[in-house]
Each structure stands twice: as C-alpha cells, then as structure tokens.
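Visitor: Please see the structure below; I have some questions.
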Amino acid sequence: MPGTTLLIGTRKAFFIYRSDAARERWELSPPMLKGTSVYQAAVDTRRRPARLLLAANHWAWGRSVARSDDGGQTWEQRSPGLGFPQDMGITIDNVWGIAPGHPDEPGVVWAGTQPAGLFRSTDWGESWEPVDTLNRLPDRTFWYMTGGGQSALTAIELDPRTPRRIYVSIATGGVYCSEDGGQTWEPRWHTAIATTPEVREMFEKIEQMFPEMAAQFPMPEGVDPLAANEFHKFRLDPKNPDRAWGQAHVGVFRSDNGGRKWVDVTNGLPSFHGFPLAVTRQGRDAVFVAPLEMEADNFRVMNGQFAIYRTTDAGASWERLTRGLPGPHDYQSVYRDAMDTDGVDPEAVYVGTTNGEVYYGREWGESWVRLPGTLPPILSVTAVPSDLL
C-alpha cells in the first residue's frame, strides 16, 4: 500500500511531505521556489514522469504555472500566453486554480487567475491561451471581490466521466458549468440560497446601516440577494460527480444534480462562515469543513479551540473533531485550499493552518497528529498517493 505525499503551498515557498507506507513517519523537503506564494498544486499523471504543476506567484518575478518533471528538483516557470488580451484592460495579479485536463485530452491543462479568468494549455502547460467564451461573459459585470478588489477564479473541476463537462468557481461571481468543453457557459449558483437566520440578519444590517455598500455589490436581475455567489471552496464528489459541495461566504451547500439545485446544509455548524472543504475520494462518504467565527469585528479565526467538522450523512448532521488538535487558547485559521483527503484506505484528511502547522487526521479525522516543522502561512494542501509522484 502506498503512503501519502503532501504538496504544500505557502506564502513564501513550496514544500513536500512524504510518508512511509503506514503514514506513521513523515519527511519534509527543503523549501522550493523561495519567495513564491503557491496558491494551488496539482500532479498531472497522464504523462511519465508525472508533472508537478503550481499556481506560482512572485512579487518581483511575476505569475506563472510552474512545472517540474523531476519531483521538484528543477522548475520551469515561463508561461507564454498567460495573460488577458490588451483590449480587456486588465492584467493578472495572481494565478490561482490549476487542473490537469481529462485523460481523453492529453496535453490539456487549465488555469484560473485573479482577476477572474480561465486559461487553457494544449501542450502540458508550456504555453497558454485565454478562454474568451468565459472571460468575456456579460456576467463579468457582477464579478467582484467583497470589500473591493478583483474577483478570482479559484477552482476548476472536471467531471471524470466526460471531458466536455467543466465547472469553474469564481469568488465573487458564482459557479459556471460548460457542457461543451468551454464553448458555452451556464451559471450554476443562483439556487444556492442561504437559509440560516444569522445570514439574513447580517444582510439586513448591511442594507440598513450601509446602503451605499449594499449598492456596490449588485446581483443579476431576479436573483435572490442571499444567493451564494462566493463559494470559498467548490468541489465535485469524485465518488459521485453529480454531487457538488460548496463552502460559501454564507454557508455550506450541497447539490445532487451538478449545481442546478442547491440545498443549504449549514444547520449544525457553529458558524456559517469558513473557507476550505474536503471530500473523501472512495469508500466511506464524508465531507470536512473548518468553520470560523464570523462577527462584525471580522475576527474570522477558530476562537480558542481548533476544530474540524465532519458529515457522513450528506450534511444532515455534523460532528466536531478535536482529538489531537490544539486548544484551548489557539487562535488560527485555514485558507480555502488548505485541506484535502488522500484516498488511501482508511482515508485520512490533512489541514494546513495560517500559523504554518500541518495536521494529519487519521481514519476520517477521528484523531489528529501534527506533522514535523513550522512553515510559512499555508495556502494550499494537496494529497496524492506516493506512487503517483
């Protein structure tokens, strides 16, 4: 049985953890791509050797999809074509989402950016072109980042059954689906309506106390203002790709028909707010989230006890998991891409924190251990079986 390899993106470098077969001993690599903020990582196993792909952002050297074919020993960061056309009048601030294409489309790789944009490569990430069918949608008028700033395309999910079905998630802007390989796009978020009283109370206060702020963030005509147009994390369930999950700014949502209809499953969680979400890949069904305190003071941390919540009944109920996690007096957070499962039986879940700590949740998160090392603030955690890399 293979162990697990963890690809860790941080604000200052990229790291790799490797475990033994039992996932009891872990080794941490030296930092790679020093000074680079790595927002996401992926492994393209359609080629041999497998290719590491990183959403790499450096304040001085620019933004790229970094690539390594030797397990991270050497890197290529030139990404020609990764940029918006001049007539759009915008430039890339960050590369964010990364996804190798479908097995039936060798060479295809997808990348998402901030401001929100989708880019496609047909040569394994060596060169890029913008996907204008999405980037120039009239809906772009409604893509914005809450509090000002640029929207970001943070997640790209491919239906493993068909190369033509692609989902993208834009913060703030909503989820879109293409059924024809990216030629046309349909919004798939309008029915994700927040139902928790706390969310409605928050929106009413904003409208009453800050009407000018509410007016800055319009919804498309006919869309409920409580619709979740900002999924902090969007994932398809690899066990059942018709099922989608989203941790939104205003709750946790589940869809059983590819995002056409959503159900608010926040009830049972201590807060509607959070960033990451992880789904088991095989066997036992479980979904994990990391709720954060959400109040007017914008605290947005775990208030004293680090806790992960798990559902094994599609969101009907939630369990609080704390065994081995730090607390009391522990105040930290988890970013949107910093949690993942590994698909190794019994399946484990991994969480990286804003304080640079990585925790390994044995047996679907029943108990937790901290992995060695303290890293820069962790932006992304990607788990892969060690025999793939």
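Every number here is computed from the coordinates shown, using simple stated rules; none is lab data. Worth saying up front: this structure is predicted, and the values here are computed from it rather than measured. With ideal geometry, Cβ positions are generated from the backbone for all residues, glycine too; neighbour counts draw on all protein chains shown.
Visitor: Once amide H atoms are placed 1.01 Å from N in the peptide plane, what residues at a sequence separation of 5 or more from Ser367, or on another chain, have their amide H within under 5 Å of its amide H?
Guide: Arg362
Visitor: Between region 239-295 and region 43-63, what is the C-alpha centre distance in whole Å?
Guide: The distance from the Cα centre of region 239-295 to that of region 43-63 comes to 28 Å.
Visitor: Run through region 67-126 and list the trypsin sites (Lys or Arg not before Pro) located in a DSSP loop whose Cβ has at most 13 other Cβ atoms within 10 Å.
Guide: Answer by residue number: Arg78.
Visitor: Turning to a different aspect of this structure: Rank Val384, Ala228, Asn267 by how far each Cα sits towards the positive end of the charge dipole of the chain (+1 on Lys, Arg Cβ; -1 on Asp, Glu Cβ) and give me just the farthest.
Guide: Val384
Visitor: Using a/c under 1.5 as the rounded threshold, could you call region 256-306 rounded, prolate or oblate? The axes a ≥ b ≥ c are square roots of the C-alpha gyration tensor eigenvalues, and prolate needs a/b larger than b/c, oblate otherwise.
Guide: Working: a/c = 2.84, a/b = 1.62, b/c = 1.75.
Oblate is the answer for region 256-306, as a/c is 1.5 or above yet b/c matches or exceeds a/b.
Visitor: Under 9 Å from the Cβ of Arg23, count the other residues' Cβ atoms, weight Lys and Arg +1, Asp and Glu -1, and hand me the total. Mind dumping the intermediate values first?
Guide: Working: positive: Arg25, Arg362; negative: Asp20, Glu24, Asp342.
With Lys, Arg at +1 and Asp, Glu at -1, the net is -1.
Visitor: Ok, one more. Kindly identify the chain as rounded, prolate or oblate by the Cα gyration tensor criterion: order the square roots of the eigenvalues as a ≥ b ≥ c, call it rounded if a/c is under 1.5, otherwise compare a/b with b/c, prolate if a/b is larger, else oblate. Don't skip to the answer; put the middle values down first.
Guide: Details: a/c = 1.44, a/b = 1.07, b/c = 1.35.
Verdict is rounded for the chain.
Visitor: May I ask you to list the trypsin sites (Lys or Arg not before Pro) in region 289-368 that are in a DSSP loop and have at most 12 other Cβ atoms within 10 Å of their Cβ?
Guide: On the way: sites: Arg300, Arg310, Arg320, Arg323, Arg336, Arg362; in loops: Arg300, Arg323, Arg336.
Listed in order of number, the matching sites are Arg323.
Visitor: Still on this structure: Apply the Karplus parameterisation 6.51 cos²θ - 1.76 cosθ + 1.60, with θ equal to phi minus 60°, to every residue of region 36-48 and state each ³J(HN,Hα) to the nearest whole Hz, in sequence, with x for glycine and proline.
Guide: Each residue's phi maps through the Karplus curve to give 9, 8, 10, 7, 8, 9, 8, 10, 9, 8, 6, 10, 10 Hz.
Visitor: Going by amide H atoms built from the backbone, whose H comes under 5 Å of the H on Gly343, apart from near neighbours?
Guide: Arg281, Ala348
Visitor: Now for a different question. Using θ = phi - 60° and the Karplus form 6.51 cos²θ - 1.76 cosθ + 1.60, what ³J(HN,Hα) does each residue of region 224-233 get, whole Hz, x for Gly and Pro?
Guide: Taking θ as phi minus 60°, the curve returns 4, x, 8, 5, 7, 7, 10, 7, 4, 9 Hz for region 224-233.
Visitor: Given H placed 1.01 Å from N in the peptide plane, which residues other than close sequence neighbours of Thr113 have an amide H under 5 Å from its amide H?
Guide: Long-range HN contacts for Thr113: Trp96, Gly97, Leu153.
Visitor: To continue, here is another question. Taking the alpha-carbon centroid of each part, what is the distance from region 1-31 to region 82-152 in angstrom?
Guide: Here the answer is 29 Å between Cα centres.
Visitor: Something else now. Quickly estimate the mean residue ellipticity at 222 nm for the chain, helices only: each DSSP H run with n ≥ 4 gives -39500 (n - 2.57), and the total goes over all residues, rounded to 500. The partial results should precede the final answer.
Guide: On the way: 4 runs with 26 residues, N = 389.
Calculated mean residue ellipticity at 222 nm is -1500 deg cm²/dmol.
Visitor: Under the rule that an exposed site lies in a DSSP loop and has at most 15 other Cβ atoms within 10 Å, name the longest stretch of the chain with no GluC sites (Glu not before Pro) of that kind, not counting the sites themselves. Spell out each step's value before the answer.
Guide: Numbers: sites that count: Glu24, Glu179, Glu221, Glu295, Glu366.
Maximal segment without exposed cleavage sites: 25-178.
Visitor: Taking chymotrypsin sites (Phe, Trp or Tyr not before Pro) as candidate sites, keep only those in a DSSP loop with at most 13 other Cβ atoms within 10 Å, then name the longest stretch of the chain containing none of them. All intermediate terms of the calculation are to be shown ahead of the outcome.
Guide: Working: sites that count: Trp59, Trp61, Phe299.
Answer - 62-298.
Visitor: With a ≥ b ≥ c taken as the square roots of the eigenvalues of the C-alpha gyration tensor of region 157-285, please select rounded if a/c is under 1.5 and otherwise prolate if a/b is larger than b/c or oblate if it is not? Walk me through the numbers on the way to the answer.
Guide: Details: a/c = 2.67, a/b = 1.47, b/c = 1.81.
Taking the square roots of the gyration eigenvalues as a ≥ b ≥ c, region 157-285 is oblate.
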